[in-house]
Amino acid sequence: MNRKDFSLLNCTMSGMLAFVLSVPVHEFIHFLTDIIYDHEVIWFSAVAVLSSDDYDFMALSPFHRAMAAGGSASVINALVAILLFFVIIKIQMGPGLRVFLIQYYAMQMCLGFGYFMVNGLFGAFGDWGNVFELFPDSTVAIMRIVLGILGSTGIVFTMFALNYMSYYFIKHVDDRKERFHVALGLHLLPFIASSVFAVIVDMNSILMREGYFDANPFFSIAVRFMFIPLFWGFMFTWVMVKHPKESRFRYKLPSEPRYVLWGVTIILLLVDLFVLAPGIRIS
């Protein structure tokens, strides 16, 4: 009797769980940072924390100024990702947990090193963009070079790391169809699903309601660039990087229906979209 294979759905839902436990938590780190530095928070949402404008950042030391103004969350994301990398490659665990941790690792790397890269190369918006406004131009130039190099290195490393981790689930390394199936579930489908969902969340968020970025959806789409390692992780595993000579196979992708995973993920996604995205007024 042939059983239905739910591995792609399981991987997609696992990736969405990793996403919904990453981006809102990134904003929650900003929220906690504001509390630590006694900076009044007005709104908390899944995509931003809006705080009062009358805070004296210049009274803080340069390090604390950078953390308080927006740098803390991406630094924490990067540190968590580094820890997860060693957990994944060193510790034994079941296939479902390993799938989730690989995807959670990817999200943390993208939020951490992705912000370093984007703000370092382009300046512009977001976490470190806010930090740059509080430092002299000469200091900002140095910060952008360091962040750009660090971020780009981290993002490229993530692409190869995801390719490496794919082979925990690939038994026949020279089987192109098997590589495609694993990489599709582990990396590409979560990338597509989380990107579409993120744009929907942004359109329903307090930022768009308040007129930030002229309520332009193309800004939200552009931000997905930070998560591009998931796409290249798929491409590297499928066709672009030579497969390893020896198999690292440990287990198949979970193919049985994971109803608890699906239910928890759907509930958290709905909370993210309809509760956290519109924002919670704090003061």
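Classify the stretch 114-266: rounded, prolate or oblate, from the alpha-carbon gyration tensor (a ≥ b ≥ c, eigenvalue square roots; a/c under 1.5 rounded; otherwise prolate if a/b is larger than b/c)? Oblate is the answer for the stretch 114-266, as a/c is 1.5 or above yet b/c matches or exceeds a/b. Heavy-atom accessible area, probed at 1.4 angstrom with all protein chains present, ranks Leu111, Leu184 as Leu184, Leu111, highest first. Rolling a 1.4 angstrom probe over the protein heavy atoms with all chains in place gives the stretch 1-115 an accessible area of 44 Å² per residue.
For the stretch 197-283, averaging the sequence separation of C-alpha pairs within contact (under 8 Å, six or more residues apart) and dividing by the residue count gives a relative contact order of 46 percent. Mean sequence separation of contacting Cα pairs (under 8 Å, at least six apart), scaled by the length of the stretch 80-171, corresponds to a relative contact order of 31 percent. The GNM of the chain, with springs linking C-alpha atoms under 10 angstrom apart, assigns the highest mean-square fluctuation among Ile155, Ile170, Ile200 to Ile200. Taking a ≥ b ≥ c as the square roots of the eigenvalues of the Cα gyration tensor of the stretch 220-273, is the shape rounded (a/c under 1.5), prolate (a/b larger than b/c) or oblate? Judged from the Cα gyration tensor, the stretch 220-273 comes out oblate (a/c at least 1.5, b/c at or above a/b). Backbone amide hydrogens, once placed in the peptide plane, bring Ile280 within less than 5 Å of Phe44, Ser45, excluding anything fewer than 5 places away on its chain. Spatially, the stretch 28-58 and the stretch 79-145 are offset by 20 Å when compared through their Cα centroids. Largest accessible area first, the listed residues Thr153, Thr265, Thr139, Thr12 line up as Thr153, Thr139, Thr12, Thr265 when surface is computed with a 1.4 Å probe on the assembled protein chains. Solvent exposure of Asp174, expressed as accessible area, is near 110 Å², computed with a probe of 1.4 Å over the protein chains only. For the chain, hydrophobic long helices are taken as DSSP H runs at least 24 Å long by C-alpha position along their axis with mean Kyte-Doolittle hydropathy of 1.6 or more; these are 72-90.
Residues in the stretch 54-66 carry Karplus couplings, in order, of 9, 8, 8, 5, 5, 6, 8, 5, x, 5, 5, 4, 5 Hz; the curve used is 6.51 cos²θ - 1.76 cosθ + 1.60 with θ = phi - 60°, and Gly or Pro positions show x. Counting only protein heavy atoms and using a 1.4 Å probe, the accessible area of Arg250 comes to about 90 Å².
Assign one of three labels to the stretch 41-100, namely rounded, prolate or oblate, based on the Cα gyration tensor with a ≥ b ≥ c the square roots of its eigenvalues; rounded applies when a/c is under 1.5, prolate when it is not and a/b is larger than b/c, and oblate otherwise. Verdict is oblate for the stretch 41-100. Sorting Tyr115, Tyr164 by solvent-accessible area of protein heavy atoms yields Tyr164, Tyr115, largest first, with a 1.4 Å probe.
To put it simply, the accessible area of the chain at a 1.4 Å probe is 69 percent carbon and sulfur. Checking the cross-link pairs Lys4/Lys90; Lys4/Lys245; Lys171/Lys242 against a 22 Å limit on the alpha carbon distance flags Lys4/Lys90; Lys4/Lys245 as lying beyond it.
The values are calculated or read from the model by the stated rules, or taken from the named source; none is laboratory data. Fair warning: this is a prediction, and the values are worked out from it, not measured in the lab. Heavy atoms of the whole protein, side chains included, go into the accessibility calculation; ligands, DNA and RNA do not. Shrake-Rupley method; radii C 1.70, N 1.55, O 1.52, S 1.80 Å.
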